Amino acid sequence: ISIFSYPGAPIKEWLANLNQLQESFDIFLAFGNAQLLNLQHHQWLNLNLISMPFIPQDDYDWLLAHCDFNIVRGEDSFIRAQLAGKPFIWNIYPQDDGAHHTKLKAFLDLYLEGVTPQLQDLITEAMDWQSGQDWWNNLPAWTEHAKHWQSALIEQQSDGGLVGRLVKFVS
């Protein structure tokens, strides 16, 4: 599991829920997250906390693709998490006017189109940090959906994406 979050995200509570699963997890904490959270290894018997240095973007992409689950922040990591084809929580930057809620809802409307109501509820709750341990119990279904979403995104770009379509239009 990789974690790259903003200050204020309920990561400690999320990790406490994860620790209760009585399974072992390797948790890769992005540069600054371990210090920000002030985590102590002895608190988490089932979690191997790995504090990472700053890494280049290509290495971060590799990490996203090789983790079973990712917590990402910001738009760039959000896009890269989708392209990795793995389940993720988007720790969206909170905005004073509440626009982040509208952005997240708009994304979820697209991302969850066609999935079962149970999976819709689970992912929506996870994105709102409300899923407790349910996400883990449904990880195979979420992973399958993430792979389908990844394929759909890649397919959308098969014609060269926006630039390719504009070139065709102008030609």
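The values are calculated or read from the model by the stated rules, or taken from the named source; none is laboratory data. Since this is a predicted model, take the numbers as computed values, not measurements. Every residue, glycine among them, receives a Cβ derived from its backbone with ideal geometry; neighbour counts consider all protein chains shown.
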Item checked: Positions within segment 83-121 being within 14 Å of S2 (Cβ to Cβ) and in contact with a Leu (Cβ under 6 Å, 6 or more places away or on another chain), in sequence order -> A84
Check: When F54 is evaluated against the numbered criteria (1) part of a loop (DSSP other than H, G, I, E, B); (2) closer than 28 Å to H145 by Cβ; (3) among the hydrophobic types (A, V, I, L, M, F, W, C); (4) free of Cβ contacts under 8 Å to residues at least 24 places away in the same chain, which criterion, by number, is the only one it fails?
Finding: (2)
Next item on the list: From W129, W135, W149, grab the single residue that is part of a helix (DSSP H, G or I) and at pLDDT below 95.
Entry: W135
Note to self: Which residue is surrounded by the fewest Cβ atoms within 10 Å (Cβ to Cβ), if the candidates are limited to segment 59-77 and must be hydrophobic (A, V, I, L, M, F, W, C) and outside any helix (DSSP H, G or I)?
What the structure shows: C67
Margin query: List the residue pairs whose Cβ atoms are under 6 Å apart, where the first residue sits in segment 16-30 and is touching a residue at least 12 places away in the same chain (Cβ under 8 Å) and under 23 Å from W62 (Cβ atoms), the second is of a type outside the set (D, E, K, R) and assigned to a strand (DSSP E or B), and the two are 6 or more positions apart or on different chains.
Written below: F25/L47; D26/N48; I27/L47; I27/L49; F28/S2; F28/I50; L29/I3; L29/S51
Margin query: I'd like the residue in segment 91-126 that is part of a loop (DSSP other than H, G, I, E, B) and of a type in the set (A, V, I, L, M, F, W, C) and, out of all such residues, is nearest to I71 (Cα to Cα).
Written below: I92
Next item on the list: Go through L122, L112, L108 for me and flag whichever is touching an Asp or Glu at 6+ places or on another chain (Cβ under 7 Å) and surrounded by 15 or more Cβ atoms within 10 Å (Cβ to Cβ).
Entry: L122
Margin query: If I filter segment 86-107 for residues that are closer than 18 Å to W14 by Cβ, modelled with pLDDT of 95 or more and of a type in the set (K, R), do I get at least one hit?
Written below: yes
Margin query: Go through segment 98-123 and report how many residues are among the hydroxyl-bearing types (S, T, Y) and more than 20 Å from I79 (Cβ to Cβ).
Written below: 1
Next item on the list: All but one of (1) at pLDDT 95 or above; (2) within 22 Å of L18 (Cβ to Cβ) hold for D59, so report the exception by its number.
Entry: (2)
Next item on the list: Could you check how many residues of segment 25-58 are out of contact with any strand residue (DSSP E or B) (no Cβ under 7 Å at 6 or more places or on another chain) and either loosely packed, with under 12 Cβ neighbours inside 10 Å or among the aromatic types (F, W, Y) (or both)?
Entry: 12
Next item on the list: Would you check if T124 is at pLDDT 95 or above and in contact with a Leu (Cβ under 7 Å, 6 or more places away or on another chain)?
Entry: yes
